[in-house]
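Structure first, then comments.
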Amino acid sequence: MSRQWKVYLSGEIHTDWREQIMDGCRKAGLDIRFDAPVTDHEASDLCGVRILGEEEKKFWEDRKGAGVNAIRTQTLIREADVVVVRFGPKYKQWNAAFDAGYASALGKALITLHDEEHNHALKEVDAAALATAAEPAQVVEILQYVMGA
């Protein structure tokens, strides 16, 4: 008997890696519900002050947004069967590293996805992952294999 898997796609928001994975899984006929953080950068950054009110200091503006976003992120990671965390070629993605650590602490099946140039910098994160992929297509193949498709 098959079941629907839940996969959370965390990390870098500047490329189409999520769409590549979702399209590949759809083409492979995999029954997966995908979830992700809010990927509209401005909406994500400003959600706290837009909902809870303005702040004089940027620190508190960011703190409000981080808290509101964490409600979504923590809930969806807890519900996930698999968490895929993408580290892109640019920017220091502390939130992605935090999501990977949170998923690992919860005992979630973690797949990291990043270019070879980040192997050394992410060695501890990769050590916590059950698989480390370099391409979205490899993530699709992993999901296809573990789902027995």
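Give a residue-ordered list of calculated ³J(HN,Hα) values for segment 8-24 (Karplus: 6.51 cos²θ - 1.76 cosθ + 1.60, θ = phi - 60°; whole Hz; x for Gly, Pro).
In residue order, the calculated couplings are 9, 9, 9, x, 2, 10, 9, 10, 9, 4, 4, 4, 4, 5, 4, 5, x Hz.
Check D35: other-chain or 5+ apart residues with amide H under 5 Å from its amide H, H built from backbone geometry?
Long-range HN contacts for D35: V7, Y8, L9.
Given the Cα-Cα distance of Q144 and Q20 and 0.36 nm per residue of separation, how much length would full extension add, in nm?
43.2 nm
If amide hydrogens are placed 1.01 Å from N in the peptide plane, which non-local residues have theirs closer than 5 Å to the one on A133?
Excluding prolines and chain starts, which carry no amide H, the hits are T112, L113, H114.
Rounded to a whole number, what % of the accessible area of segment 38-149 do carbon and sulfur atoms account for, probe 1.4 Å?
Whole-percent figure for carbon plus sulfur exposure: 55.
May I ask for the Kirkwood hydrodynamic radius of segment 17-90, worked out over all distinct Cα pairs and given in angstroms to one decimal?
Averaging 1/r across every pair of different Cα atoms and inverting gives 14.3 Å.
Net charge within 9 Å of V7 by Cβ-Cβ distance, Lys/Arg positive one each and Asp/Glu negative one each, not counting V7 itself?
The answer is 0.
Whole number in Å², please: accessible area per residue of segment 49-149, 1.4 Å probe, ligands, DNA and RNA not counted.
In whole numbers, segment 49-149 has 62 Å² accessible per residue.
Evaluate E = 1/(1 + (r/R0)^6) for K58 and D115, where r is the Cβ-Cβ distance and R0 equals 22 Å; express this FRET efficiency to the nearest 0.05.
Computed FRET efficiency for K58 and D115: 0.10.
What angle, in degrees between 0 and 90 and rounded to the nearest 10, separates the Cα long axis of helix 94-105 from the longest principal axis of the Cα atoms of the chain?
Rounded to the nearest ten degrees, it is 60.
Can you bin every Cα-Cα distance in the chain into 10 Å intervals starting at zero and give me the percent of pairs per bin, rounded to whole numbers?
11, 40, 33, 13, 3, 0
How large is the charge dipole for the chain, taken about the Cα centre, if only the Cβ atoms of Lys, Arg (+1) and Asp, Glu (-1) carry charge, to the nearest 20 debye?
460 debye
Please compute the contact order of the chain in relative form: average sequence separation of alpha-carbon pairs under 8 Å and at least six residues apart, divided by the residue count, as a percent.
27 percent
Distance check, please: which entries in K6/K108; K58/K123; K27/K90; K64/K90; K6/K64; K90/K123 exceed 23 angstrom between their Cα atoms?
Beyond 23 Å: K58/K123; K27/K90; K64/K90; K6/K64.
Please determine, in degrees from 0 to 90 and to the nearest 10, the orientation of helix 58-79 with respect to the longest principal axis defined by the Cα atoms of the chain, where the helix direction is its Cα long axis.
So the helix axis and the longest Cα principal axis differ by about 30 degrees.
Please compute the Kirkwood hydrodynamic radius of segment 43-122 from all pairs of different C-alpha atoms, in Å with one decimal.
By the Kirkwood definition, the hydrodynamic radius is 14.1 Å.
Along each of its three principal axes, how wide is the spread of alpha-carbon positions in segment 1-50, in whole angstrom units, largest first?
Over segment 1-50, Cα extents along the principal axes are 46, 22, 13 Å.
The values are calculated or read from the model by the stated rules, or taken from the named source; none is laboratory data. Here the structure is a predicted model, which means the values were calculated and not measured. Counting neighbours? That spans all protein chains shown, and the Cβs are built from the backbone with ideal geometry, glycine included. Just the protein is used for accessible areas: all its heavy atoms, side chains included, with ligands, DNA and RNA removed. Shrake-Rupley method; radii C 1.70, N 1.55, O 1.52, S 1.80 Å.
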